[in-house]
1. Suppose we filter region 127-147 for residues that are at negative phi and either assigned to a helix (DSSP H, G or I) or modelled with pLDDT under 95 (or both); how many remain?
2. Identify, from the list Asp114, Asp101, the residue that is touching a Pro at 6+ places or on another chain (Cβ under 6 Å), buried (at least 20 other Cβ atoms within 10 Å of the Cβ) and not aliphatic (A, V, I, L, M).
3. Which residue, of Asn102, Asn87, is without any contact (Cβ under 8 Å) to a residue 12 or more places away in the chain and either of a type outside the set (Asp, Glu) or under 18 Å from Arg133 (Cα atoms) (or both)?
4. So which pairs qualify, if the first residue must be in region 132-153 and under 17 Å from Phe104 (Cα atoms) and surrounded by 14 or more Cβ atoms within 10 Å (Cβ to Cβ), the second must be small (Gly, Ala, Ser) and at pLDDT below 95, the Cβ gap must be under 7 Å, and the two must be at least 6 apart or on different chains?
5. Any idea which of (1) more than 22 Å from Phe132 (Cα to Cα); (2) touching a strand residue (DSSP E or B) at 6+ places or on another chain (Cβ under 9 Å) is the one Gly49 doesn't satisfy?
6. If you check Tyr129 against the conditions, is it surrounded by 14 or more Cβ atoms within 10 Å (Cβ to Cβ) and among the hydroxyl-bearing types (Ser, Thr, Tyr)?
7. Look at Ser118 and say whether it is out of contact with any Gly (no Cβ under 9 Å at 6 or more places or on another chain), closer than 19 Å to Leu46 by Cα, hydroxyl-bearing (Ser, Thr, Tyr) and modelled with pLDDT under 95.
Amino acid sequence: MGQKKVKAKKPPRVVIDTSVFISALLFDGVPGQLVDLWQQGKIVFLVSGEVLKEYLAVLSYPKFKLTKEEIKSLVESEVVPFFEPVNVTTKVEIINIDPADNKFLELAEDGKADFILSGDKHLLDLKSYKDFRIIPVAEFLRKFSANSGTQSK
């Protein structure tokens with residue numbers, strides 16, 4: 001009777017642009033911390049069919065020296081069990097310099113994201129759009145750890 005209900009804090013919902021995703025998955029360093037966060041459910045990793053296609057296309061670039069089997073295994077073990085699929089119906093034409101970047105804004109809008117994590121100048125220059133912020137990974141991780149796993153918009 002006299003106990004307060006503790007409201008569980010929801011993990012932030014994030015869209016991860018392709019360069020950050022590739023860095024997180026394949027290389028040591030700051031973006032690599034995201035893999036642990038999405039696998040532990042500390043962030044909700046939002047992915048659309050179009051974004052997943054781009055991730056797979058970039059992973060198959062010759063410079064990464066990954067076979068089709070390695071890509072399949074990597075994505076099936078490290079990514080697919082942990083992401084939240086989003087059916088994107090929104091279309092935006094905000095970034096004209098690189099229209100392919102609009103798919104991240106569309107995903108973030110339809111997936112009700114809190115953040116887009118990016119290293120892309122065209123996205124970062126927007127700073128925010130609708131109800132979400134567009135920030136570099138290092139800034140997100142600083143906020144994430146400073147807030148003990150929660151963010152404010």
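1. 14
2. Asp114
3. Within the list Asn102, Asn87, the selection yields Asn102.
4. Ile134/Ser128; Pro136/Gly119
5. Every listed condition holds for Gly49 apart from (1).
6. It is true that Tyr129 is surrounded by 14 or more Cβ atoms within 10 Å (Cβ to Cβ) and among the hydroxyl-bearing types (Ser, Thr, Tyr).
7. Answer is no for this residue.
Matching residues to (1) in a helix (DSSP H, G or I); (2) out of contact with any Cys (no Cβ under 7 Å at 6 or more places or on another chain); (3) of a type in the set (A, V, I, L, M); (4) farther than 22 Å from Leu141 by Cα:
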site: Leu34; (1), (2), (3), (4): yes, yes, yes, no
site: Lys42; (1), (2), (3), (4): no, yes, no, no
site: Glu50; (1), (2), (3), (4): yes, yes, no, yes
site: Leu66; (1), (2), (3), (4): no, yes, yes, yes
site: Glu70; (1), (2), (3), (4): yes, yes, no, yes
site: Val75; (1), (2), (3), (4): yes, yes, yes, yes
site: Val92; (1), (2), (3), (4): no, yes, yes, yes
site: Ala100; (1), (2), (3), (4): yes, yes, yes, yes
site: Phe104; (1), (2), (3), (4): yes, yes, no, no
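The values are calculated or read from the model by the stated rules, or taken from the named source; none is laboratory data. Since we're looking at a predicted model, the values are computed, not measured. Glycine also receives a Cβ, built like all others from the backbone with ideal geometry; neighbour counts cover every protein chain displayed.
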